[in-house]
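Remarks on the structure that follows.
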Amino acid sequence: MRAFITGTDTGVGKTYVTALLTRALRTAGLDTVALKPLCCGSREDVEILCAAAGGELTSDQVNPIWLRTPVAPLVASREEGLSISLEVLAVWFREISVARKSVLVEGAGGWLVPVGDRTTVADLAEKLALPVIVVVANRLGCLNHTLLTLESIRARGLKCDGIILNSMSGAPDDATQTNREILVELAGVPLLFEIAHGQNSLDLAVG
């Protein structure tokens, strides 16, 4: 399995979901590692992804660009005097992934978060030529955010393998209880998983 994992927004549980998938795929016998090209602020997410793959890669291998400022990559790179090159990231990705069948790449923030003056996370996904999986936080507003994200993915001619609905709270309300049904009806892509609040494993059938 190879996929670029994005979200409808920041704070929707991309790292949590990517780690769950990584552990499940490795349990199923795949050589999965999880990568995070861009990290802004704390490197805790990178450490979580490293641990999910059993420490097979170092933090610097998993995350080649670490910006210490906890803002969008474009803003952080300007503040820290760095330039983010998608070409350089593409070379890094090829070197890490060339001998692997299964690689997950987690984006930064949402789908159109700016990375450079004229580039976004979406451009990075396109550069890496990966199908996209969208993590959706199951809360009020997610229908709009999901449909807008999927519309942008399609407009670029990219393939979306599906969405993962992540329950951020253990207290359901009218929105969280109906979002799944509406997303299945309107999204136009598969609902791959619905993750319960606090869930710590996934069961996968890998053929």
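Residues in the stretch 72-85 that are surrounded by fewer than 16 Cβ atoms within 10 Å (Cβ to Cβ) and aliphatic (A, V, I, L, M) were compared, and the one that is nearest to V113 (Cα to Cα) is V75.
Can you tell which of T146, T178 is touching a Ser or Thr at 6+ places or on another chain (Cβ under 9 Å) and either in a helix (DSSP H, G or I) or at positive phi (or both)? Criteria check complete, one pass: T146. For the stretch 118-144, the candidate set comprises residues that are more than 15 Å from the chain's Cα centre (by Cα) and farther than 24 Å from E87 by Cα; within that set, the residue that is surrounded by the fewest Cβ atoms within 10 Å (Cβ to Cβ) is N144.
Summed over the stretch 162-196, the residues that are over 15 Å from W111 (Cα atoms) and touching a residue at least 24 places away in the same chain (Cβ under 8 Å) give a count of 24. Taken over the stretch 158-177, residues that are farther than 14 Å from V17 by Cβ and modelled with pLDDT under 95 amount to 9. Listed by position, the helices (runs of 4 or more DSSP H) inside the stretch 48-133 whose residues that are in contact with a Leu (Cβ under 8 Å, 6 or more places away or on another chain) and within 30 Å of P190 (Cβ to Cβ) number at least 2 are 86-97, 121-128. If the condition is being charged (D, E, K, R) and free of Cβ contacts under 8 Å to residues at least 60 places away in the same chain, then the stretch 6-40 contributes only R26.
The values are calculated or read from the model by the stated rules, or taken from the named source; none is laboratory data. Given the structure is predicted, the values throughout are model-derived calculations rather than measurements. Cβ: placed from backbone, ideal geometry, glycine included. Neighbour counts: every protein chain shown.
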